[in-house]
Amino acid sequence: MRFNHLSIDEVFKLLTQFNSDLNKFFAQYLQQEYSDLEKERLYYLDIAEIGRFIISNIETKTHIFTNFFVQVELILSNCDTDIENLVVVGLFESLQNSSSGKVDYHTYFDKWLLPVSKDKWNRLIDQWEGQKLTRD
(Lines give C-alpha, C1' and ligand atoms only; values in the text may rest on other atoms or scores of the structure.)
Protein backbone atom coordinates (compact mmCIF):
# COMPACT_ATOMS: atom_id res chain seq x y z
CA MET A 1 0.00 0.00 0.00
CA ARG A 2 1.20 3.49 -0.83
CA PHE A 3 0.09 6.01 1.78
CA ASN A 4 -1.30 9.36 0.67
CA HIS A 5 -3.97 11.86 1.75
CA LEU A 6 -6.67 9.39 0.68
CA SER A 7 -5.34 6.75 3.09
CA ILE A 8 -4.57 9.05 6.02
CA ASP A 9 -6.95 7.16 8.31
CA GLU A 10 -4.94 4.01 7.58
CA VAL A 11 -1.78 5.84 8.66
CA PHE A 12 -3.31 6.64 12.04
CA LYS A 13 -4.66 3.10 12.35
CA LEU A 14 -1.21 1.61 11.72
CA LEU A 15 0.38 3.89 14.29
CA THR A 16 -2.12 3.07 17.02
CA GLN A 17 -3.39 -0.47 16.46
CA PHE A 18 -0.41 -2.38 17.88
CA ASN A 19 -0.95 -1.17 21.47
CA SER A 20 -4.31 -1.21 23.22
CA ASP A 21 -3.40 1.69 25.54
CA LEU A 22 -2.38 3.90 22.63
CA ASN A 23 -5.39 2.82 20.62
CA LYS A 24 -7.75 3.64 23.50
CA PHE A 25 -5.98 6.95 24.22
CA PHE A 26 -6.19 8.02 20.59
CA ALA A 27 -9.83 6.96 20.19
CA GLN A 28 -10.72 9.01 23.28
CA TYR A 29 -8.76 11.97 21.95
CA LEU A 30 -10.59 11.81 18.61
CA GLN A 31 -13.96 11.50 20.30
CA GLN A 32 -13.28 14.47 22.56
CA GLU A 33 -11.59 16.65 19.96
CA TYR A 34 -14.06 15.99 17.16
CA SER A 35 -17.33 15.53 19.01
CA ASP A 36 -18.61 18.34 16.81
CA LEU A 37 -18.96 16.34 13.59
CA GLU A 38 -18.53 19.46 11.50
CA LYS A 39 -15.13 20.27 12.94
CA GLU A 40 -12.37 19.82 10.41
CA ARG A 41 -9.68 17.28 11.31
CA LEU A 42 -6.31 18.81 12.08
CA TYR A 43 -4.03 15.91 11.24
CA TYR A 44 -0.82 17.55 12.45
CA LEU A 45 -2.36 18.09 15.87
CA ASP A 46 -3.73 14.55 15.84
CA ILE A 47 -0.36 12.98 15.13
CA ALA A 48 1.28 15.24 17.73
CA GLU A 49 -1.09 13.69 20.29
CA ILE A 50 0.33 10.29 19.42
CA GLY A 51 3.81 11.72 19.98
CA ARG A 52 2.78 13.07 23.36
CA PHE A 53 1.42 9.65 24.34
CA ILE A 54 4.74 8.04 23.41
CA ILE A 55 6.70 10.59 25.43
CA SER A 56 4.36 10.30 28.41
CA ASN A 57 5.31 6.62 28.49
CA ILE A 58 9.03 7.15 27.94
CA GLU A 59 9.93 5.76 31.36
CA THR A 60 7.33 3.03 31.73
CA LYS A 61 6.43 1.56 28.35
CA THR A 62 9.47 1.61 26.11
CA HIS A 63 8.53 -1.96 25.15
CA ILE A 64 5.91 -0.44 22.82
CA PHE A 65 8.49 1.62 20.96
CA THR A 66 9.76 -1.25 18.80
CA ASN A 67 6.39 -1.97 17.21
CA PHE A 68 5.57 1.71 17.01
CA PHE A 69 8.71 2.56 15.05
CA VAL A 70 8.27 -0.50 12.79
CA GLN A 71 4.94 1.04 11.78
CA VAL A 72 6.56 4.44 11.30
CA GLU A 73 9.19 2.86 9.04
CA LEU A 74 6.52 1.06 7.02
CA ILE A 75 4.66 4.31 6.49
CA LEU A 76 7.75 6.36 5.61
CA SER A 77 8.94 3.68 3.19
CA ASN A 78 5.63 3.73 1.31
CA CYS A 79 4.25 7.24 1.28
CA ASP A 80 3.95 10.40 -0.71
CA THR A 81 5.39 13.75 0.33
CA ASP A 82 2.26 14.83 2.21
CA ILE A 83 2.32 11.79 4.51
CA GLU A 84 6.10 12.02 4.90
CA ASN A 85 5.70 15.62 6.08
CA LEU A 86 2.92 14.58 8.45
CA VAL A 87 5.16 11.97 10.06
CA VAL A 88 8.37 13.98 10.08
CA VAL A 89 7.04 17.42 10.93
CA GLY A 90 4.02 16.28 12.93
CA LEU A 91 5.20 13.18 14.76
CA PHE A 92 8.99 13.42 14.88
CA GLU A 93 8.97 17.09 15.78
CA SER A 94 6.42 16.37 18.52
CA LEU A 95 8.59 13.56 19.88
CA GLN A 96 11.69 15.74 19.83
CA ASN A 97 10.02 18.76 21.39
CA SER A 98 8.15 16.76 24.04
CA SER A 99 11.19 14.70 25.04
CA SER A 100 13.52 17.66 25.40
CA GLY A 101 14.74 17.79 28.97
CA LYS A 102 13.68 14.20 29.62
CA VAL A 103 16.12 12.46 27.29
CA ASP A 104 18.65 13.41 24.66
CA TYR A 105 16.41 13.07 21.60
CA HIS A 106 19.48 13.22 19.34
CA THR A 107 20.35 9.63 20.26
CA TYR A 108 17.79 8.25 22.73
CA PHE A 109 15.47 6.85 20.04
CA ASP A 110 18.29 5.38 17.92
CA LYS A 111 17.69 1.82 19.14
CA TRP A 112 14.12 1.94 17.78
CA LEU A 113 14.53 4.05 14.65
CA LEU A 114 14.95 2.03 11.46
CA PRO A 115 17.02 3.29 8.50
CA VAL A 116 14.49 5.49 6.68
CA SER A 117 13.11 6.86 9.95
CA LYS A 118 16.58 7.51 11.34
CA ASP A 119 17.58 9.42 8.23
CA LYS A 120 14.43 11.59 8.38
CA TRP A 121 14.87 12.08 12.15
CA ASN A 122 18.46 13.28 11.70
CA ARG A 123 17.57 15.54 8.79
CA LEU A 124 14.91 17.20 10.94
CA ILE A 125 17.50 17.86 13.64
CA ASP A 126 19.95 19.11 10.99
CA GLN A 127 17.34 21.52 9.69
CA TRP A 128 16.46 22.97 13.11
CA GLU A 129 19.83 22.89 14.82
CA GLY A 130 22.31 23.09 11.98
CA GLN A 131 24.05 19.96 13.23
CA LYS A 132 25.28 17.35 10.83
CA LEU A 133 23.77 14.09 12.10
CA THR A 134 22.85 12.56 8.77
CA ARG A 135 24.95 9.80 7.33
CA ASP A 136 26.02 10.07 3.71
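The values are calculated or read from the model by the stated rules, or taken from the named source; none is laboratory data. The structure displayed is predicted, hence computed values, not measured ones. Neighbour counts run over all protein chains shown; Cβ positions are idealised from the backbone, glycine included. When the accessible area is computed, the model is the full protein with side chains, heavy atoms only, and any ligands, DNA or RNA have been set aside. Shrake-Rupley method; radii C 1.70, N 1.55, O 1.52, S 1.80 Å.
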**Request:** Only residues that are in a helix (DSSP H, G or I) and either at positive phi or surrounded by 12 or more Cβ atoms within 10 Å (Cβ to Cβ) (or both): list them for segment 6-23, please.
**Result:** Ser7, Ile8, Glu10, Val11, Phe12, Lys13, Leu14, Leu15, Thr16, Asp21, Leu22, Asn23
**Request:** Considering only segment 41-92, state which residues are aliphatic (A, V, I, L, M) and out of contact with any helix residue (DSSP H, G or I) (no Cβ under 9 Å at 6 or more places or on another chain).
**Result:** Val70
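Here is a yes/no grid of residues against (1) modelled with pLDDT under 95; (2) in a helix (DSSP H, G or I):
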residue	(1), (2)
Ile64	yes, yes
Asp82	no, yes
Leu86	no, yes
Gly90	no, yes
Ser98	yes, yes
His106	yes, no
Val116	no, yes
Leu124	yes, yes
Thr134	yes, no
**Asked** Is there a residue being open to solvent by 20 Å² or more (accessible area, probe 1.4 Å) and part of a helix (DSSP H, G or I) anywhere in segment 34-42?
**Response** no
**Asked** Of the residues that make up segment 95-118, is at least one surrounded by 15 or more Cβ atoms within 10 Å (Cβ to Cβ) and among the acidic types (Asp, Glu)?
**Response** no
**Asked** Among the residues of segment 5-61, which ones are more than 24 Å from Ser77 (Cβ to Cβ) and among the small types (Gly, Ala, Ser)?
**Response** Ser20, Ala27, Ser35, Ser56
**Message:** With the structure loaded, tell me whether Arg52 is in contact with a Cys (Cβ under 9 Å, 6 or more places away or on another chain) and open to solvent by 80 Å² or more (accessible area, probe 1.4 Å) or whether it fails that test.
**Reply:** no
**Request:** Quickly run through segment 66-80 and pick out the residues that are part of a helix (DSSP H, G or I) and of a type outside the set (Gly, Ala, Ser).
**Result:** Thr66, Asn67, Phe68, Phe69, Val70, Gln71, Val72, Glu73, Leu74, Ile75, Leu76
